[in-house]
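One structure is given below, encoded as structure tokens.
The values are calculated or read from the model by the stated rules, or taken from the named source; none is laboratory data. Just so we're clear, the structure is a prediction, and the values are computed from it rather than from any experiment. Counting neighbours? That spans all protein chains shown, and the Cβs are built from the backbone with ideal geometry, glycine included.
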Amino acid sequence: MNKLSELTVTVRTLEVNGKKMTQSFFRQLPISRVYNENEFTLRENIQLWGIVRYKIPKYLNEKWVLFESDSILYKGDVNPLNNIPSVEGQEVEVEQIKDKLKHAQDHDKFLPQIIDIDRIKKELVEAQMKLLKYINGYELVKKIKSLPQLFIAI
């Protein structure tokens with residue numbers, strides 16, 4: 001037997017100055033990054049509004065994050081992961097450098113003039129810092145994707 005159920009849905013329509021935002025107005029919003037490019041962290045002084053699903057022909061994005069900065073409304077890429085290298089790949093690099101350091105420390109007593117342990121330690125710290133940045137990037141994407149979906153008028 002088929003059964004119908006009643007559902008309540010909340011639709012958040014995007015309004016600016018009390019007027020519904022149209023597709024034309026949305027297309028005119030400036031595009032900016034919601035994250036710091038080299039750090040993959042949220043930029044300072046940004047208020048996230050939500051996610052808008054809308055395809056603009058000359059862009060690959062079908063989802064945009066709407067945000068405000070310095071009283072200006074922007075749209076930006078929901079997924080900066082296109083620019084973030086893989087966490088898994090960086091984890092592998094960290095492990096390889098750790099192995100290299102252990103091997104160097106084991107052989108340092110025999111070949112101290114050839115093995116530069118300080119250089120390998122510096123390489124390890126840099127790789128660990130990169131890994132932390134990439135993890136921050138993934139956390140930022142999760143935060144952005146959890147924003148409410150907003151709707152624009154036709």
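Name every residue in the range 75-92 that is surrounded by 14 or more Cβ atoms within 10 Å (Cβ to Cβ) and at pLDDT 85 or above, in order of residue number.
LYS75, GLY76, GLU91
Looking at (1) of a type in the set (D, E, K, R); (2) in contact with a strand residue (DSSP E or B) (Cβ under 9 Å, 6 or more places away or on another chain); (3) exposed (fewer than 14 other Cβ atoms within 10 Å of the Cβ), find the lone condition where GLU95 falls short.
Failing condition for GLU95: (2).
Output the residues belonging to the range 60-70 that are assigned to a loop (DSSP other than H, G, I, E, B) and charged (D, E, K, R).
GLU62, ASP70
Taking the condition more than 17 Å from GLU15 (Cα to Cα) and in contact with a strand residue (DSSP E or B) (Cβ under 7 Å, 6 or more places away or on another chain), does SER86 pass?
No: the conditions fail for SER86.
Which pairs have Cβ atoms under 6 Å, sit 6 or more apart or on different chains, and link a residue in the range 29-57 that is under 20 Å from SER146 (Cβ atoms) to one that is among the charged types (D, E, K, R)?
Here the result reads ASN36/ARG43; PHE40/LYS133; GLN47/GLU68; ILE51/LYS63; ARG53/LYS63, each pair linking the range 29-57 to a residue that is among the charged types (D, E, K, R).
Just need a number here: residues in the range 7-59 that are at pLDDT 75 or above and not in a strand (DSSP E or B).
The total comes to 26.
Considering only residues of the range 42-55 that are under 12 Å from ARG27 (Cβ atoms) and surrounded by 15 or more Cβ atoms within 10 Å (Cβ to Cβ), which is farthest from the chain's Cα centre (by Cα)?
For the range 42-55, the residue satisfying everything is TYR54.
Contact list please: Cβ distance under 6 Å, first residue in the range 143-154 and surrounded by fewer than 16 Cβ atoms within 10 Å (Cβ to Cβ), second residue modelled with pLDDT under 85, pairs at least six apart or on different chains.
If the second residue must be modelled with pLDDT under 85, the pairs left are PRO148/ARG12; PHE151/VAL11; PHE151/THR13; ALA153/LYS20; ALA153/THR22.
Tell me, which residue of the range 56-74 that is β-branched (Val, Ile, Thr) and out of contact with any Gly (no Cβ under 9 Å at 6 or more places or on another chain) is surrounded by the fewest Cβ atoms within 10 Å (Cβ to Cβ)?
Filtering the range 56-74 for residues that are β-branched (Val, Ile, Thr) and out of contact with any Gly (no Cβ under 9 Å at 6 or more places or on another chain), the one surrounded by the fewest Cβ atoms within 10 Å (Cβ to Cβ) comes out as ILE72.
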